[in-house]
1. If the requirement is being open to solvent by less than 30 Å² (accessible area, probe 1.4 Å), at pLDDT below 95 and part of a helix (DSSP H, G or I), which of these qualifies: Tyr41, Tyr27?
2. From the set of residues in segment 88-107 that are among the β-branched types (Val, Ile, Thr) and surrounded by fewer than 13 Cβ atoms within 10 Å (Cβ to Cβ), which is modelled with the lowest pLDDT?
3. Can you tell me which residue is surrounded by the most Cβ atoms within 10 Å (Cβ to Cβ) among those in segment 44-87 that are under 21 Å from the mean Cα position of the chain (by Cα) and β-branched (Val, Ile, Thr)?
4. Using beta carbons and a limit of 6 Å, which pairs, at least six apart or on different chains, have the first residue in segment 118-144 and in a strand (DSSP E or B) and the second one among the polar types (S, T, N, Q)?
5. Residues to consider are Thr129, Thr139; find the one that is more than 30 Å from Asp16 (Cα to Cα) and β-branched (Val, Ile, Thr).
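The values are calculated or read from the model by the stated rules, or taken from the named source; none is laboratory data. Quantities reported herein were computed from a predicted structural model and do not represent experimental measurements. For neighbour counting, all protein chains shown are included, and Cβ atoms are generated from backbone atoms with ideal geometry for every residue, glycine included. Just the protein is used for accessible areas: all its heavy atoms, side chains included, with ligands, DNA and RNA removed. Shrake-Rupley method; radii C 1.70, N 1.55, O 1.52, S 1.80 Å.
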Amino acid sequence: RVLADHIRAISFTIADGQLPSNTGAGYVIRRILRRAVRYYYSYLDYKQPLLHQLLPVIAKQFEQVFPELTQQLDFVSKVVREEEESFLRTLEKGLKRIDHIISSNTTGVVSGSDAFELLDTFGFPIDLTRLIANENNVTVDEPGFEAEMKQQKDRSRSATALDTED
């Protein structure tokens, strides 16, 4: 049911024209997809792209109420598969890293800097880090994470500042 719910949300939205990205609605799509990938990777022990394989079934089931998915099946499948492959490349390393963070943790809290590293290096959105932490009875220092995010944004802004003097 988890995968079915996630793939429906992802596929209908992509068929409607919203692509996964790093901002706005596209980021929500990416997060939903990554949660589904993490679910089948961790709980079903399935280590290759799976969601795109479910798309023909979804398109067939909903062809009368949402024909756009059937019409764009190849495109949606390609987008979903590329996102899955991209996240699967870093997921195993990221899961090893968060397992190490949690197992070596004596405070019961994933630090903000560790949560930021998981996002920045392994593509783990804060909600995925929070989910995994909660599964292990650990919390996440979200104010610390937000501070790290702000520092990164400040560094990014200053790196793009232009000197316009002669």
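1. Sole residue among the options that is open to solvent by less than 30 Å² (accessible area, probe 1.4 Å), at pLDDT below 95 and part of a helix (DSSP H, G or I): Tyr41.
2. Among those residues, the one meeting the criterion is Thr106.
3. Initially, segment 44-87 is screened for residues under 21 Å from the mean Cα position of the chain (by Cα), giving 44-55, 75-87.
Of the ones still in play, those that are also β-branched (Val, Ile, Thr) are 76, 79-80.
Details: Val76: 23, Val79: 20, Val80: 26.
The qualifying residue surrounded by the most Cβ atoms within 10 Å (Cβ to Cβ) is Val80.
4. Pairs found: Val140/Thr129.
5. Exactly one of Thr129, Thr139 is more than 30 Å from Asp16 (Cα to Cα) and β-branched (Val, Ile, Thr), namely Thr139.
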